[in-house]
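Let me begin by presenting the structure, written as structure tokens, before commenting on it.
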Amino acid sequence: MTRLPEPGIVVPRFMPAGLPKAARGDEFKPHLMELTGTVTDNYSNGSDPVLCVSDAEGRNWTVELAGRARNAALGLTKAVAMPGDPIRVIGHRTRRFGEQRIKAVHLTIAGRAYPLFEGAIG
């Protein structure tokens, strides 16, 4: 039997980013993790900016970036992260089992730092 929400209760699919993580029902783990590897592909100009990264163990990761406006303000353009560039990512890993995806809060690409979200790191 299909379960429907209680009358009068609306559960929005997307919550504003400014709300606390607990209120958003976040799909990412609350603690930060570090990922080091090599950029394999760059889709930073798309509607959902991402980088593809291969780590030292050969796993392929999808690194979600900030919005395009924030990336542009930081100077994080498609030309900054080229395939083969070393990268260090600090961010929140997804809660989904087996999925290699991380929401970046700070990037270091070829020695240059990009703080995607101010105050996210201590």
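The values are calculated or read from the model by the stated rules, or taken from the named source; none is laboratory data. Quick caveat, the model's predicted, so the values are computed rather than measured. Every residue, glycine among them, receives a Cβ derived from its backbone with ideal geometry; neighbour counts consider all protein chains shown. Surface areas here come from the heavy atoms of the whole protein model, side chains and all, with no ligands, DNA or RNA. Shrake-Rupley method; radii C 1.70, N 1.55, O 1.52, S 1.80 Å.
Selection over the range 75-109 of residues that are over 13 Å from GLY37 (Cβ atoms), surrounded by fewer than 17 Cβ atoms within 10 Å (Cβ to Cβ) and of a type outside the set (D, E, K, R) gives a count of 6. Pairs are defined by a Cβ separation below 6 Å, a sequence spacing of at least 6 or placement on different chains, a first member in the range 38-62 that is over 13 Å from ALA104 (Cα atoms), and a second member that is of a type in the set (D, E, K, R) and open to solvent by less than 70 Å² (accessible area, probe 1.4 Å); the pairs so defined are VAL39/ASP85.
Within the range 51-67, identify whether any single residue is of a type outside the set (D, E, K, R), loosely packed, with under 13 Cβ neighbours inside 10 Å and over 19 Å from PHE28 (Cβ atoms), and answer yes or no. It would help to see each step written out before you state the result.
From the range 51-67, those of a type outside the set (D, E, K, R) are 51-54, 56, 58, 60-63, 65-67; that's our starting set.
Keeping just the survivors that are loosely packed, with under 13 Cβ neighbours inside 10 Å gives 56, 58, 60.
Going one step further and asking which of them are over 19 Å from PHE28 (Cβ atoms), we end up with 56, 58.
Within the range 51-67, one or more residues are of a type outside the set (D, E, K, R), loosely packed, with under 13 Cβ neighbours inside 10 Å and over 19 Å from PHE28 (Cβ atoms).
Within the range 74-93, the set of residues being part of a loop (DSSP other than H, G, I, E, B) and on the phi < 0 side of the Ramachandran plot comprises LEU76, THR77, LYS78, ALA79, VAL80, ALA81, MET82, PRO83, ASP85. Screening LYS103, LYS29 for residues that are modelled with pLDDT of 90 or more and basic (Lys, Arg) leaves exactly one candidate, LYS103.
The condition (being open to solvent by 70 Å² or more (accessible area, probe 1.4 Å), outside any strand (DSSP E or B) and not small (Gly, Ala, Ser)) is satisfied by just one residue among ASP48, ASP26: ASP48.
Answer yes or no as to whether THR38 is within 14 Å of the chain's Cα centre (by Cα) and at pLDDT 95 or above. Spell out the reasoning first.
On the way: within 14 Å of the chain's Cα centre (by Cα): no; at pLDDT 95 or above: yes.
For THR38, the condition - within 14 Å of the chain's Cα centre (by Cα) and at pLDDT 95 or above - is not met.
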